[in-house]
1. For Gly365, only one of the following conditions fails: (1) closer than 18 Å to Gly275 by Cβ; (2) under 17 Å from the mean Cα position of the chain (by Cα). What is its number?
2. Any idea which of Ser95, Ser110 is polar (S, T, N, Q) and more than 24 Å from the chain's Cα centre (by Cα)?
3. If you scan region 428-483, which residues turn out to be within 23 Å of Gln19 (Cα to Cα) and modelled with pLDDT under 85?
4. When you go through Asp89, Asp119 one by one, which is the residue that is at pLDDT 85 or above, surrounded by 15 or more Cβ atoms within 10 Å (Cβ to Cβ) and in a helix (DSSP H, G or I)?
5. Only one of these is part of a loop (DSSP other than H, G, I, E, B) and not aliphatic (A, V, I, L, M): Glu373, Glu334. Name it.
6. Answer yes if at least one residue in region 484-496 is at pLDDT 55 or above, in a loop (DSSP other than H, G, I, E, B) and surrounded by 10 or more Cβ atoms within 10 Å (Cβ to Cβ), and no otherwise.
7. Could you list all residues from region 422-435 that are assigned to a helix (DSSP H, G or I) and buried (at least 17 other Cβ atoms within 10 Å of the Cβ)?
8. Looking at Gly471, Gly438, can you tell me which residue is over 17 Å from Leu358 (Cβ atoms) and either not in a helix (DSSP H, G or I) or not aliphatic (A, V, I, L, M) (or both)?
Amino acid sequence: MEQRRDAVTSGYATLSWKQAFRQLVGQVGVYGFGNALQRLGAFVLLPLYLWRLSPEEYGLLALVGLLPFVLPQVILLGLPTTITRYYYDWTRDGSAANNLGVIWAVATGSALTATVLLDQFGESLLRQTLTQVPFEPHGRLGLWWAFFASLSLCPMMLLRIQEMGRAYVMVSQISFFLGSGLNAWAVLAGWGVVGILWMQVISSACVGLLLSGWYLTNVAFQCSGSHIVRALRLALPLVPSALLEAMASRADRFFLDKWISLQEIGLYALANQLGQGVKFFYDSIKPAWIPFYIRVAGERGDARDFLGRAITFYVAALGCVALAVLLFGPVVVEWFGKGGRFDQALPLLPILVGGFFLQGLVPLGSMAVLVAERTVWHLIIQTIQLLVVIGVNLSLTQQLGAVGAAWSLLVACGVQAGLYMGVGQQVYSVRLEWPRLGALVAGGAVAGVLAISFASAGIAVKSLWLLAYVGWVFGVVYRRGDFGLSAGVPASENVRKA
């Protein structure tokens, strides 16, 4: 742990924009690649799923997949987030090893207890929540998949915040090849959804236990009362907010489970999976973006200008990825959808891509809330979003089915992004480049409408259209002298706290 102190003290304080941007791009390349490997399995296996699974089976798999998405942050009490926020503070005062050890012990103990209780007594609760998912064996396998997946969160947070790129990529490679290989084996062997769930449990357990073993070699277990109290004060409000966020982002599945068939759920899940190509992008950026944002905010006197410019680049890249998914997502379905049985999912794709683009704007505000240590806003915003989700799903999904669920997601993501951007600017404002951001959003909307209008065009035409759009985006964001900013000065008080 002592080896990390030099990296903490050097930081971003004296780097020029050019140097800091290169460092960020380097970290995005390393961590983005690693995170991409971890999540790539779902996209690599998608053609195989389309080929060997029916829409009903794909719908059942999508419903069970809610459990490892919803449960981990809740059963871990939100404590992995404290590693991201306080690691550098703890390292500076020499308490990192002890605090990390206590956090792991409390989080893992809580997760194991909750999983055992749900395994033994949660059947009726699960049946009421997911009416089309049999508890035995599907629900039970989903619970243990969620538990073993939760074991990876604390170690992965530590790898990210320590900027241990090689280790992160190594773990990502193991996770990708093990998970994808086992899942492909289960599908080709004809084991169906149950076989896939068993492979998810096995691969998550292998990776989670491996990471936990490494994590425990870097920690101790002497508790510092004041530090743990501060960590819990940050983390506990995140538990209900994490649950609300998970419920809000996956509420469409719960409503669809009540009102439409597994076949329609499978079609919706496919369109959602394709649209998540946009989410796949910003999830790959976040491992580098989070420590970058925290360190810049705490170490540079010009942090607000610095971060505002970085946000422009981020939104530009996000728009390019959204257009690429919109253009080429249908090609995947047309090539691999056996007998056209998944073609009805395609009209949902543009709506869902728009929703995930808006969701991609959320980290721009949520990071400001985290830096300012105003995490109660997470709970407030997630509560509002959940109420919006419930309202729009009750009015749209029940009447329009999968189409209503897609529009509900778009509306909910728009509300979430707007709230986080507004609150983020209040608690820790950065100088956003509004003219450029407005041009990027308006131009992206026009490009998306044209892409939908020419959906039947060939791959060559779509490729040229994407390249033209990328060139236009570069013209919008480029500014002569961008990389000539002088070196920063150490920050004295960049974070405005309540």
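1. It fails just one condition, (1).
2. Checking each option against the conditions leaves just Ser95.
3. Correct list: Tyr478, Arg479, Arg480, Gly481, Asp482, Phe483.
4. Asp119
5. Glu373
6. no
7. Val423, Gly424, Val427
8. Gly471
The values are calculated or read from the model by the stated rules, or taken from the named source; none is laboratory data. Given the structure is predicted, the values throughout are model-derived calculations rather than measurements. Don't worry about glycine lacking a Cβ; one is built from the backbone with ideal geometry, like all the others, and counts go over all protein chains shown.
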